[in-house]
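Undergrad: Can you keep this structure in mind? I'll have questions shortly.
The values are calculated or read from the model by the stated rules, or taken from the named source; none is laboratory data. Note that the structure is predicted; figures quoted are calculated from it, not measured. Neighbour counts are summed over all protein chains in view; Cβ atoms, including those assigned to glycine, are modelled from backbone coordinates with ideal geometry.
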């Protein structure tokens, strides 16, 4: 698809601002033909002839998202035709809040999921000698060093390990005790798609006075998620996976009643509700260099400075698109494809690491030397999945169909070595 800048700007201006209510029983506004709810939706993406089954690593841009970014870039380039373009940062946070059933003032922009997790630890005063943290090895592997360092700095860290590819709720019940400060987990494991019973985890943690942080990067946007119903205290995600955004911007959720109890550890300009300086010519007089107050919100508590405006423009479209389709519809579509994989991959000799009951759009198989064994054949077949040293992962999205799955299965060799 090749458009001029003027055509991109015009396309962005005409994009429908559709959003489906997250609350049951409320009718959704009518969607455009492109957002009719019918899946797969290949028309909204420019995948070409390749089979892309790696959206859990990074999601392709849609035509609409590209147009929204182009409109923003035109404004930043001082294009007169884009003079009326406005960046709606608050609207993007409100859309994400609706997606996970939070309030907009419980959402802050963060650079990444890991940034959000660090901010939570800092707000809780961690590391603190003797503080007990419970986490597990199906949590994001990028967080492993974080909690290993917490232990080196005096925290007591309990690592739960999977049994049959799952973290047993009984193991969490045994691990959490009086004095536990935090339970940190990935709601959906990036490794194999295992999904915690987040509501039950929160019940266990709260009964012992502990708080819960959830990495929701593999949940938000691709499956129903209700943070209020779960009771989770904090959650974070980036936008470049299932939110169909880009690198450099994500979201941190913090329960309003928890915010009130946390000491402030950031004093960012973007978190202020008001600011009046007393040092420049013609400023009002004051006894200090400035009078200021912070917002009583997640942004007020966690915001630093500027954030990625290009990604805000991108997400303005992408979150509307996801809300219009509906996370349940997206999940149902993916599960039909995932079910075929779970059925056929073992027949080809592959060992599933993903629990059969998982409802995430993730299927992982264990295979020693996976990257070396599979990448050449997959590349020749025009199929892209995630392959690493000893495993491979398939993550279908809204544009994938049964034919894509069959092309992948045909490209995968029989595994006769177990």
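Undergrad: Please find, among 255, 264, the residue that is modelled with pLDDT of 95 or more, surrounded by fewer than 22 Cβ atoms within 10 Å (Cβ to Cβ), under 14 Å from residue 120 (Cα atoms) and more than 14 Å from the chain's Cα centre (by Cα).
TA: 255
Undergrad: Keeping to segment 370-387, report how many residues are assigned to a strand (DSSP E or B) and touching a helix residue (DSSP H, G or I) at 6+ places or on another chain (Cβ under 6 Å).
TA: Matching residues across segment 370-387 total 2.
Undergrad: Suppose we filter 300, 305, 286 for residues that are touching a residue at least 24 places away in the same chain (Cβ under 8 Å) and in a loop (DSSP other than H, G, I, E, B); which single one remains?
TA: Result of the check over 300, 305, 286: 305.
Undergrad: For the condition in a loop (DSSP other than H, G, I, E, B) and touching a helix residue (DSSP H, G or I) at 6+ places or on another chain (Cβ under 6 Å), what is the one hit in 355, 361, 413?
TA: 361
Undergrad: Can you tell me how many residues within segment 327-344 are under 17 Å from residue 55 (Cβ atoms) and either in contact with a strand residue (DSSP E or B) (Cβ under 8 Å, 6 or more places away or on another chain) or crowded, with 18+ Cβ neighbours inside 10 Å (or both)?
TA: Number of matching residues: 8.
Undergrad: Answer yes if at least one residue in segment 314-327 is closer than 25 Å to residue 65 by Cα, outside any helix (DSSP H, G or I) and at pLDDT 95 or above, and no otherwise.
TA: Checked against the condition, which is being closer than 25 Å to residue 65 by Cα, outside any helix (DSSP H, G or I) and at pLDDT 95 or above, segment 314-327 yields at least one hit.
Undergrad: What are the residues in segment 399-418 that are crowded, with 23+ Cβ neighbours inside 10 Å and either over 11 Å from residue 53 (Cβ atoms) or more than 24 Å from the chain's Cα centre (by Cα) (or both), if any?
TA: Of everything in segment 399-418, those that are crowded, with 23+ Cβ neighbours inside 10 Å and either over 11 Å from residue 53 (Cβ atoms) or more than 24 Å from the chain's Cα centre (by Cα) (or both) turn out to be 408, 412.
Undergrad: Could you pull out the residue among 108, 67, 102 that is part of a helix (DSSP H, G or I), crowded, with 21+ Cβ neighbours inside 10 Å and at pLDDT 95 or above?
TA: The unique qualifying residue is 67.
Undergrad: Restrict the check to segment 388-398 and report whether at least one residue is in the same structural domain as residue 255 (by TED's automatic domain parsing), surrounded by fewer than 22 Cβ atoms within 10 Å (Cβ to Cβ) and either in a helix (DSSP H, G or I) or at pLDDT 95 or above (or both).
TA: No, segment 388-398 contains no residue that is in the same structural domain as residue 255 (by TED's automatic domain parsing), surrounded by fewer than 22 Cβ atoms within 10 Å (Cβ to Cβ) and either in a helix (DSSP H, G or I) or at pLDDT 95 or above (or both).
Undergrad: Limited to segment 169-201, what total is found for residues that are under 19 Å from residue 114 (Cα atoms), touching a helix residue (DSSP H, G or I) at 6+ places or on another chain (Cβ under 8 Å) and assigned to a loop (DSSP other than H, G, I, E, B)?
TA: 3
Undergrad: A further question follows. Quick check on segment 345-359: of everything there that is free of Cβ contacts under 8 Å to residues at least 12 places away in the same chain and loosely packed, with under 13 Cβ neighbours inside 10 Å, which residue is nearest to the chain's Cα centre (by Cα)?
TA: By that ranking, first place goes to 357.
Undergrad: So, one more: What is the one condition in (1) closer than 30 Å to residue 97 by Cβ; (2) crowded, with 21+ Cβ neighbours inside 10 Å that residue 364 does not satisfy?
TA: Status for residue 364: all satisfied but (1).
Undergrad: Which of the residues that make up segment 202-218 are over 22 Å from residue 96 (Cβ atoms) and either in a helix (DSSP H, G or I) or touching a strand residue (DSSP E or B) at 6+ places or on another chain (Cβ under 7 Å) (or both)?
TA: Within segment 202-218, 203, 204, 205, 206, 207, 208, 210 meet the criteria.
Undergrad: Still on this structure: Being in contact with a strand residue (DSSP E or B) (Cβ under 6 Å, 6 or more places away or on another chain), closer than 29 Å to residue 247 by Cβ and part of a helix (DSSP H, G or I) is the filter here; which residues of segment 118-168 pass it?
TA: Hits for segment 118-168 are 120, 147, 150.
Undergrad: Looking for whichever is under 24 Å from the mean Cα position of the chain (by Cα), under 27 Å from residue 300 (Cα atoms) and at pLDDT 95 or above here; the options are 160, 187. Which one fits?
TA: Testing whether each residue is under 24 Å from the mean Cα position of the chain (by Cα), under 27 Å from residue 300 (Cα atoms) and at pLDDT 95 or above leaves just 187.
Undergrad: Criterion first (modelled with pLDDT of 95 or more and more than 27 Å from residue 395 (Cα to Cα)) does residue 200 satisfy it?
TA: So residue 200 does not fit the description; no.
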